[in-house]
Amino acid sequence: MTTTRFAPSPTGYLHVGNLRTALMNFLIARKAGGTFILRIDDTDPERSKEEYVDAIKEDLEWLGLTWDRVERQSHRLDRYAAAADRLREMGRFYEAFETPTELDLKRKKQLNMGRPPVYDRAALSLTEEEKERLRAERGNGVWRFKLDHERIEWEDGILGPVSIDAASVSDPVLIRGDGLVLYTLASVVDDTEMGVTHVVRGSDHVTNTATQIQIIEALGGTVPSFAHHSLLTGPQGESLSKRLGTLALRDLRAHGVEPMALLSLMARLGSADPVELRSEMTELIEGFDIARFGSAPTKFDMHDLFPLTARILHARPFSDVAGEIAALGVPDDQAPRFWEVTRENITTLKDLESWWRMCRDGAEPDIDDEDRDFVADAMALLPEGPYDDDSWNRWTAEVKNATGRKGRALFMPLRKALTGQAHGPDMGRLLPLLQRIRAKE
Ligand code: GLU
């Protein structure tokens, strides 16, 4: 059965880059009728925070990316220890004692000699006495996995055939000197024991994948299908790594971005298919095909989310926004009309607030000098009301007769005088609303 997982580390808020990973794994599982696991990669107690675990769940729930179960790496430390023991027994695991400074010197030396900076495996030739002495001097060493020096190959779901020479990669450290199990091992144990069949993650993990394939094979597991999506860049192709913090999902939510706008964009960005606004998750699931994604860096512009958000809102029925509108203080009997006249004129639901203020408090009239007399004459012709949906037509027809103005020269100054703005709702529908709302005050 198809099983995927999204495996964030709870060290910060999810951002659009994480969402790309989460969404692809979610869509693959749902399309296949499989299982989607939310795996919290929290082996590092110093960096992991419970508040981020809660925030991750909240963000995924906001988007409707529901998981079938949650797994926590911090609850599985005994499994990782057992796997480490097996690697030790197989002779694939060795203790190394170099300090970070020593490793750095080795790297510089190799680079200066024009060689790739790969760990030289000096620790492999330490005798037991030397290890004892180093342990006494420096404390426990780190544990490295001994790679087989051969080519590691896989058919990547996005990159196509990948082939990496294991000799060009350092033997990965899987356990730190203080005993902390690192992600590379923990992830492999989880993927194997949880029956994960497909792993989609960022292309920054390609080298990890190479080493993880050898670890999975050493532990007798089944290698899942891997796919590495390209990393996101800013609109000009600039690196987003420093700015991703400002593209947190919760910030987009606070800006009024609609979940389906974000999901529709992310489900297609970087693929050969155009972005299509979807209103249902089932449509996204049906329309998803990882093979359509390319390996080139993918440009992300947060501004693309707003036209999509606006289109979603323009089609939204009143019943779906009744709560938000009531919260603004719009009287129940005027609320459906308020939504009807404003929804075409908002980008996000946050814009409703200023329309509501305009309806309730009126607007500072915006009158150009050359329209002053015209507006005064027109206002003198405006009947007391009550207004109905035809009042605006009757009034403007009368103003037209009296002043000779027509078209834009007739309507625009009146709109600006009444709403303070050059654009906005249909005036015929707005006029009775303004009157009814203000009559209540
Ligand atoms: N916790 C890892 C990360 O956030 C997971 C990577 C993976 O999907 O294997 O980078």
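None of the figures in this text is laboratory data; all of them are computed from the coordinates on show. Model, not experiment: these values are computed from the prediction. Because the Cβ atoms are built from the backbone with ideal geometry, glycine has one as well, and the counts that use them run over all protein chains shown.
Brief remarks follow.
- Per-residue Cβ neighbour rank within 10 angstrom, fewest leading, E364, E238, E398: E364, E238, E398
- Loop GluC sites (Glu not before Pro), region 262-293 (other Cβ atoms within 10 Å of the site Cβ: 10 or fewer; DSSP): E280
- Within region 38-79: backbone nitrogen closer than 17 Å to the M1 label point (7 Å, Cα to C-beta): 38-39, 66-71
- Distance from the C-alpha centroid of region 107-139 to that of region 26-42: 40 Å, rounded to the whole angstrom.
- Coupling constants for region 17-25 follow from the phi torsions by the Karplus curve (6.51 cos²θ - 1.76 cosθ + 1.60, θ = phi - 60°), and in residue order they are x, 5, 4, 4, 5, 4, 5, 4, 5 Hz; glycine and proline get x.
- Residues R292, R343, sorted so that the one with the fewest Cβ neighbours within 10 Å comes first: R292, R343
- Against the chain, whose longest principal axis is taken from its Cα atoms, helix 100-112 shows a tilt of about 90°.
- Between 0 and 90 degrees, the angle of helix 427-440 with respect to the longest Cα principal axis of the chain falls at about 90 degrees.
- Over the chain, Cα pairs under 8 Å with separation of 6+ residues give a relative contact order of 13 percent.
- Net charge, T197 excluded, C-beta distance under 12 Å - Lys, Arg +1, Asp, Glu -1: 0
- The percentage of C-alpha pairs in the chain whose separation is greater than 42 Å is 37%.
- Rounded Å value of the spacing that divides the Cα centres of region 50-92 and region 364-395: 66
- Helix 206-218 axis, angle to the chain major axis (alpha carbon atoms, nearest 10°): 50
- Amide H partners (placed H, <5 Å) of I152, local residues excluded: I164, D165, A166
- With R₀ set to 30 Å, the beta-carbon distance separating H423 from T282 gives a calculated FRET efficiency near 0.25.
- Straightening the chain between E324 and K57 buys 93.8 nm, computed as 0.36 nm per residue apart minus the Cα-Cα spacing.
- The Cβ shell under 15 Å around K406 holds other residues with a net charge of +1, Lys and Arg each +1, Asp and Glu each -1.
- Of K109/K242; K108/K242; K106/K146; K57/K146, pairs whose Cα-Cα distance is over 28 Å: K109/K242; K57/K146
- Of all DSSP beta bridges in the chain, antiparallel share, percent nearest 5: 50
- Ranked list, fewest to most other Cβ atoms within 10 Å of each Cβ, for F26, F306, F97, F226: F306, F97, F226, F26
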